[in-house]
1. From the cross-link list 58/191; 299/349; 82/220, which pairs have alpha carbons spaced over 18 Å apart?
2. Out of (i) 1.05; (ii) 0.99; (iii) 0.94, which label holds the value of Cα Rg over 2.2 N^0.38 Å that was computed here?
3. Which of the residue pairs 306/361; 155/231; 132/155; 174/341 have a Cα-Cα distance greater than 26 Å in the structure shown?
4. Run the numbers on the chain and let me know its relative contact order in percent, using alpha-carbon pairs under 8 Å that are six or more apart.
5. Over 23 Å between Cα atoms, which of 38/317; 36/284; 34/65; 202/284 qualify?
6. Cα to Cα, under 19 Å, and not fewer than 8 places away if on the same chain: which aspartates and glutamates meet these conditions relative to residue 127?
7. Can you give me the long-range amide H partners of residue 5? Hydrogens built in the peptide plane at 1.01 Å from N, cutoff under 5 Å, separation of 5 or more residues or another chain.
8. Which Cα, out of 267, 25, 207, lies furthest along the positive dipole direction of the chain (beta carbon charges, K/R +1, D/E -1)?
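Laboratory data are not the source of any read-out in this text; all were calculated from the coordinates shown. Predicted, not measured: the structure shown is a model, and the values here were computed from it. Every residue, glycine among them, receives a Cβ derived from its backbone with ideal geometry; neighbour counts consider all protein chains shown.
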Amino acid sequence: MIRSALDYIPISNSAFLGSVVDSFNPFRPDAFIKCKNKETILGYSCRSLFDTIMNYYKNKNNNLKILTTPIHHTSFRNIIEKYVEPNNIFILDMNESFNEITALPKSLKNNQIDLCIISHMFGQDLKMNIIKNFKINNPNCIIIEDRVQGGHFYKEFSHDFIDIALYSTGMDKKPCALGGGFVYIKNNFYKNEELKIYVKNKINNYPQQYFYHRIINLFKKIPTFLLYNSKLILGGIFKIFNFFNIDINNFAAKYRKKYPGFFHNDYNKNPSNGTLTSIYKSLKRVSDIEYQYYTVSNKFFNALDKKTKKKFFPWVKNDYLLTPYNTISVENTDDFCNFLKKNNIISHKNPTWKIFNFEYKNSDYYETFNNSLVYIPSLPIMNDSEINFLANKIKEYYKIKFDYS
């Protein structure tokens with residue numbers, strides 16, 4: 001038995017309690033921070049900031065044209081489709097390992113692209129030299145990245161040519177403030193100044209999140225915090241479910257859908273003093289979170305043989321991933337999930353990543369890959385024995401399905 005859920009909240013009990021205390025802060029931290037090379041804008045959520053930015057560019061040009069990666073978090077996909085017409089969305093090609101952008105779409109031709117929107121996946125940054133060259137030849141195109149599932153936080157922007165980088169500080173993110181988000185906007189592009197003013201004015205005029213809203217949100221997260229982070233509680237739940245023959249995978253899917261830790265709608269708000277305070281504090285804990293993720297994921301990938309790792313985790317570049325989500329790619333997700341369930345290992349078919357809702361070149365290819373993704377137990381609270389057990393079961397599945405020697 002592996003006493004780990006499919007997700008993890010990287011915050012201690014004391015930090016959780018501190019967030020509750022912070023909710024009563026009568027002093028408002030600065031939500032707009034100017035530095036030499038960038039300005040940081042703090043918001044109610046990452047999706048709120050992205051929606052606001054897209055609204056700005058839509059108001060500037062009602063016929064927005066964008067370049068973008070084929071797979072995004074559900075909310076980003078929905079926001080893009082909200083503001084951009086399908087025939088103005090040009091999909092970038094990715095390699096078979098889904099860790100590099102390899103080509104511009106041939107359909108691009110001489111279209112003037114306003115925005116290039118990149119979503120990083122699996123806790124590392126995409127390789128995208130092709131976008132660097134594109135930016136050189138199209139300096140007026142704004143490059144926006146969703147770096148919530150990106151690489152090392154100290155880099156701020158994954159590459160020098162990025163104009164805007166978005167981050168979440170939500171329940172299971174790094175940094176973790178149990179809510180909120182922020183955006184870095186470069187200072188070296190003159191058009192960005194108008195964008196900054198627009199975003200700040202919009203945030204100030206959004207409905208206010210008051211201290212009691214923040215407290216209610218935090219208290220609603222307590223059951224999920226305990227469920228994701230307590231091995232004692234998880235062990236008890238797994239034993240009860242086994243005794244009564246309850247499908248743990250079905251329970252996990254329904255629970256995650258009902259308690260996602262964020263709002264699918266009504267997310268454009270002005271963050272409370274407490275949310276802003278927690279965001280500031282969360283930035284001081286990022287290196288500890290990344291070290292934890294590095295340590296456990298490095299143990300896990302080193303416990304796999306090369307063939308198994310290449311087959312099921314083709315995107316891994318450096319034998320570690322900086323994310324609590326432990327994602328695997330398999331051809332038959334039902335068969336794989338049933339195999340894990342027989343070994344008392346929880347799993348859930350991809351609940352997070354989505355392709356666009358219209359037909360485009362290679363859409364079937366990207367949909368096949370997206371549908372191959374399965375969430376398996378999150379590594380941060382697992383001990384070495386559990387990590388090795390999970391790795392051994394995955395190697396066993398590979399041997400059953402693909403090793404005929």
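1. The pairs that break the limit, which is 18 Å between Cα atoms, are 299/349; 82/220.
2. (ii)
3. Correct reply: 306/361; 155/231; 174/341.
4. Computed value for the chain: 25 percent relative contact order.
5. Pairs exceeding the cut-off: 38/317; 34/65; 202/284.
6. Hits, sequence-local ones excluded: 93, 96, 100, 145, 146, 156, 160, 163, 319.
7. Amide H to amide H, under 5 Å and 5 or more residues apart or across chains, residue 5 pairs with 378.
8. Farthest along the dipole direction, towards plus: 25.
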